[in-house]
Amino acid sequence: MKIGLDVMGGDFAPGAAIGGAILAQRELPSENRIVLIGPADVVGDHLKSAGSSPELFDIVDAREVIGMGEHPTKALTRKPASTISVGFNMLKHRQIDAFASAGNSGAMLVGSIFSINNIQGIIRPATPAFLPQENGGLSILIDVGTNPDARPDVMQQFALLGSLYAQQVLKVSKPRVGLLNIGEEEEKGNITAQAVHHLLKGSGDVNFIGNIEGRDILKNKADVIVCDGFTGNILLKSLESMYRIMAKRNLTDDYFARFNYENYGGTPILGVNGIVIMGHGISNDIAIKNMILMGRDIHESHLISKIKHSLLTSAAITASVSALQI
C-alpha cells in the first residue's frame with residue numbers, strides 16, 4: 001500500500017512530518033511505501049540531514065501550501081498545486097491508498113467531501129476521538145466537531161460508523177454503543193437526544209445499550225459514545241486541557257499519559273470514500289508516525305468496503321436515506 005503524507009502540514013513542518021515519516025518507515029514492511037508530498041528539494045534536504053535515504057520514500061513535488069488560517073474552499077480552488085490539493089488528487093485517482101496531514105483541518109474536510117465524496121448513503125461524514133478507559137481499553141467518541149448541529153438520522157449513522165471502526169480496526173467483537181446524555185433514562189435530554197435514542201433503540205444495526213452520562217465516559221460503559229459535534233468537541237478539548245494541566249504539574253501516571261494526543265496521531269474522517277486522516281496542528285514526529293500507522297491499520301481492516309456493505313444491508317439506514325431523497 002501507499003500512504004501519502006503532507007510534509008508541509010502542521011506547526012512544525014516540514015521537520016516533524018519528515019521525522020515522523022522516517023520513524024514510520026522503520027516500522028512498516030518493505031512493500032508499504034510512504035509518499036512524501038511537498039517541495040522535492042526541501043524534502044530531500046531534510047531526509048539527508050536526518051540520515052535517511054530519499055530512495056526509501058516516494059517524493060511528489062508540490063510547491064504551494066494552504067495555511068492554517070486560509071478559507072478551506074477558496075484555498076483548495078486557488079491552490080491546485082498545494083500539498084493538500086495534490087494529496088487529494090492522488091487519493092481520488094488511486095495513486096495512494098490513504099492521505100494524512102496535520103495541516104488545515106477545514107481544507108482536509110472540504111477536500112474529502114468534494115474530491116473523493118461521501119460513501120453512497122452517508123449523509124454527513126464524522127470525525128471520532130479515542131478516549132482511554134480505566135480498564136486499559138479505548139472508547140470512540142463520535143462526532144468531535146465535524147457536525148455541530150447534527151440531525152437525529154445523522155447521529156444514527158455516527159453510531160454505525162463508530163461501531164464499524166471499533167469492530168474492524170480496534171477488533172472489538174460486539175461494540176457497545178451508548179448515547180451521551182444528561183441522564184440514563186430514555187426520556188432524558190433535549191428533543192434531538194430523545195429522537196436519536198428512539199432511532200438507535202429500534203435499530204438492529206448496532207449494539208445499543210442506552211444513554212450514558214458524562215461521568216461514565218471513562219469507566220468502560222461503552223465502546224462507542226455518540227454525540228453531536230458541538231458537545232463532542234467541547235468534551236474532547238476539556239479532557240485535553242485537563243491532561244495538559246496535570247502534565248505541567250507532574251500529576252500524571254501510566255493511565256493519564258494515555259491522554260497524550262501523540263499516542264493516536266490523528267483522527268480519521270469516517271464516511272468518505274477513502275482513507276483520510278487529520279493530525280493535530282502541533283503534531284510532533286511521534287504523532288506523525290502514529291498518524292501514518294493509523295492509515296495502515298484502516299487500510300488493512302478494509303473499513304471502507306465494510307461500511308459500504310453495512311449500508312447496503314441496513315434497513316434502518318436505507319429507510320432514512322430514502323426519506324431524505326423523497
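The values are calculated or read from the model by the stated rules, or taken from the named source; none is laboratory data. Here the structure is a predicted model, which is why all the values come from computation and not from measurement. Positions of Cβ are generated from backbone atoms using ideal geometry, with glycine treated the same way; all protein chains shown enter the neighbour counts. Just so you know, the surface numbers come from the protein's heavy atoms only, side chains and all, with ligands and any DNA or RNA stripped out. Shrake-Rupley method; radii C 1.70, N 1.55, O 1.52, S 1.80 Å.
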Value at 222 nm in deg cm²/dmol, rounded to 500, when DSSP H runs of n ≥ 4 in the chain each add -39,500 (n - 2.57): -13000 deg cm²/dmol
Beta bridges per DSSP with both ends in the chain, % antiparallel, nearest 5: 25
nm² value of the averaged projected area, convex hull over the Cα atoms of the stretch 1-155: 11.3
By average C-beta atoms within 10 angstrom, highest first, the peptides 104-111, 203-210, 143-150: 104-111, 143-150, 203-210
Nearby lysines by direct alpha-carbon distance to Lys221 (threshold 27 angstrom, same-chain neighbours under 8 apart not counted): Lys171, Lys174, Lys188, Lys201, Lys237, Lys306
Accessible-area composition of the chain, carbon plus sulfur, in percent [1.4 Å probe]: 53
Gap separating the Cα centres of the stretch 123-157 and the stretch 12-75, nearest whole Å: 29
Candidate lysines - alpha carbon under 17 Å from Lys2, same-chain residues fewer than 8 apart omitted: Lys92, Lys289
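Expressed as a rounded percentage, what relative contact order does the chain have, with Cα pairs under 8 Å and six or more residues apart? Spell out each step's value before the answer.
Numbers: 668 pairs, mean separation 73.8, N = 326.
With pairs under 8 Å counted, the relative contact order is 23 percent.
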Solvent exposure of the chain as accessible area per residue, Å², 1.4 Å probe: 45
Spherically averaged projected area of the chain from its Cα convex hull (nm²): 16.8
